[in-house]
Amino acid sequence: MADQRSARATSPTRARKKTAPKKGPEHAARTACQSLEGLIGHRAEGVSAVWRSDDDGWCVVVDVLEVPRIPDTTSLLASYEVQLDKAGELREYRRVRRYRRGAADE
């Protein structure tokens with residue numbers, strides 16, 4: 001009896017089907033960073049925010065190193081708002097803020 005159960009559990013017909021990966025906020029953040037880096041030629045430092053847009057796409061705020069300086073705390077960074085459509089394709093982007101790395105938010 002136990003042999004029958006183990007045989008059923010390992011049979012090829014019972015193998016789990018692979019599903020397409022869900023395109024959630026992590027995927028949107030990675031896609032936004034890669035697309036923005038390719039367009040503006042600056043390295044992405046990270047993502048500040050991700051949210052669903054009204055058209056079921058994504059809006060991602062990407063922080064970018066625009067002017068590296070020594071010491072690093074004086075480097076200039078910028079935040080870009082990147083809009084992606086439902087398929088994860090870049091629709092538009094815009095710079096919304098520029099700041100020094102060492103500066104605190106107001």
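The values are calculated or read from the model by the stated rules, or taken from the named source; none is laboratory data. Every value quoted in this text rests on a predicted model; they were computed, and no experiment measured them. Using ideal geometry, Cβ is built from the backbone for each residue, glycine included, and neighbour counts are taken over all protein chains shown. The area values use the complete protein model at the heavy-atom level, side chains included, leaving out ligands, DNA and RNA. Shrake-Rupley method; radii C 1.70, N 1.55, O 1.52, S 1.80 Å.
The gain in end-to-end length when the T73 to I40 segment is fully stretched comes to 9.7 nm, 0.36 nm per residue minus the alpha carbon separation.
With a 10 Å radius around each residue's Cβ, average the other Cβ atoms per peptide and rank 95-103, 43-51, 26-34, highest first.
Working: 95-103: 12.7, 43-51: 15.2, 26-34: 18.2.
For the peptides 95-103, 43-51, 26-34, the packing ranking is 26-34, 43-51, 95-103.
What length, rounded to one decimal in nm, is gained on full extension from D105 through to W51, with 0.36 nm per residue of separation minus their alpha-carbon distance? Could the numbers behind the result be given before it?
Working: separation 54, 0.36 × 54 = 19.44 nm, distance 2.08 nm.
In short, 17.4 nm is gained.
Heavy-atom accessible area, probed at 1.4 angstrom with all protein chains present, ranks D55, D63, D105 as D105, D55, D63, highest first.
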